[in-house]
Ligand code: PAF
């Protein structure tokens, strides 16, 4: 079975997402989460998706790969955008350090009320992206726990069923979300099937929970990534190894430093609550290699600047000394091939 998506874009560059017409989503890059989102959309037939690939990918106007979900293998064929394709809805599932440049590359294609959805580990990109957008463009964040990896450059495997938390980041997105909620039911109280940002994300990376404030969720994920990604990358172990007695002292120190920075940034967590959540993720993903360890193994740039590096920047702002986070950030820098982590 071949599933083909139509790259044809609606004539109106101003198409609003909650009109009856279907919006075409552009997914940037050919990373595992982006291909997972594209595959789900292709299999379900909605939303319409197309890929925005770097010119060096050299795949022409279509991109074929294999999607493995459960025991099934699906051949997927997607179209890719051209330089002039207007973009109404952009999903940016790229590493944190690549977000600003990726968005800059597609800014000329964005329609005047385009909606942009960030999706990555770490924090610090919202500050970079907001000044790039015009007054009518919406910014959203989708934080996902789905596991996916590329077994070959042309095969993506859905390795862990997760869920996605979606939040509106800027005022445009918040207003759109409020109107999505008000049109969620029609006058007769029946569910409205019109496409919205959240319904599109639910199709691609669902189940999807929409929250009023995404920041606490991003901070919580930051704590999980600080501990699991950093320690597994430094010690070259699977996530499950972090349940061992040897790691509990360093995890305790990282979490208590994290709680202090978060507090100064207006996010209240308790160490006990976070340690419990981190322990749960360690157990649930025990067999996995974290994304940061996979980056080390593949000689790719690490996201440390947006995880431990971001926390250190917040620490400087609030005059906090964070010796354990500084130590692991240094160790990650020495593993980072790009040496770009702060
Ligand atoms: O980045 C990752 O690998 C994941 O976010 C997590 C939760 C640490 C599981 O491996």
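Just for helices (runs of 4 or more DSSP H) wholly inside the range 197-262: which have at least 2 residues that are within 16 Å of the ligand (Cβ to nearest atom) and in contact with a helix residue (DSSP H, G or I) (Cβ under 6 Å, 6 or more places away or on another chain)?
Result: 215-224, 230-235.
Which one of these is in the same structural domain as residue 197 (by TED's automatic domain parsing) and touching a residue at least 40 places away in the same chain (Cβ under 8 Å): 159, 182?
159
I'm trying to understand the selection: among the residues of the range 288-301, which are assigned to a loop (DSSP other than H, G, I, E, B) and more than 10 Å from the ligand (Cβ to nearest atom)?
Across the range 288-301, the qualifying residues are 298, 299, 300, 301.
List the number of the failed condition for residue 188; all other conditions in (1) in a helix (DSSP H, G or I); (2) surrounded by fewer than 14 Cβ atoms within 10 Å (Cβ to Cβ); (3) at pLDDT below 95 hold.
So the condition that residue 188 fails would be (1).
With the structure loaded, tell me whether residue 279 is modelled with pLDDT under 95, out of contact with any strand residue (DSSP E or B) (no Cβ under 6 Å at 6 or more places or on another chain) and over 22 Å from residue 335 (Cβ atoms) or whether it fails that test.
no
State all residues of the range 263-278 that are buried (at least 17 other Cβ atoms within 10 Å of the Cβ) and assigned to a loop (DSSP other than H, G, I, E, B); if no residue qualifies, say none.
Within the range 263-278, 267, 269 qualify.
Is it true that some residue in the range 263-270 is touching a helix residue (DSSP H, G or I) at 6+ places or on another chain (Cβ under 9 Å) and over 25 Å from residue 171 (Cα atoms)?
Yes, there is a match, as at least one residue in the range 263-270 is touching a helix residue (DSSP H, G or I) at 6+ places or on another chain (Cβ under 9 Å) and over 25 Å from residue 171 (Cα atoms).
Any residue at all in the range 94-106 that is modelled with pLDDT of 95 or more and in a loop (DSSP other than H, G, I, E, B)?
Scanning the range 94-106, I find at least one residue that is modelled with pLDDT of 95 or more and in a loop (DSSP other than H, G, I, E, B), so the answer is yes.
Working carefully through the options 174, 112, 194, 104, find the one that is free of Cβ contacts under 8 Å to residues at least 12 places away in the same chain, farther than 30 Å from residue 287 by Cβ and more than 16 Å from the ligand (Cβ to nearest atom).
Testing whether each residue is free of Cβ contacts under 8 Å to residues at least 12 places away in the same chain, farther than 30 Å from residue 287 by Cβ and more than 16 Å from the ligand (Cβ to nearest atom) leaves just 174.
Spot the failing condition for residue 39; the list is (1) at pLDDT 80 or above; (2) farther than 28 Å from residue 121 by Cα, and only one is missed.
(2)
Pairs under 8 Å by beta carbon, first residue in the same structural domain as residue 96 (by TED's automatic domain parsing) and without any contact (Cβ under 8 Å) to a residue 40 or more places away in the chain in the range 286-308, partner within 12 Å of the ligand (Cβ to nearest atom) and in a helix (DSSP H, G or I), six or more apart or different chains?
Pairs that qualify, where the first residue is in the same structural domain as residue 96 (by TED's automatic domain parsing) and without any contact (Cβ under 8 Å) to a residue 40 or more places away in the chain and the partner is within 12 Å of the ligand (Cβ to nearest atom) and in a helix (DSSP H, G or I): there are none.
The values are calculated or read from the model by the stated rules, or taken from the named source; none is laboratory data. In this text the structure is predicted, and so the values were computed from the model without any measurement. Cβ atoms come from the backbone with ideal geometry, glycine included; neighbour counts cover every protein chain shown.
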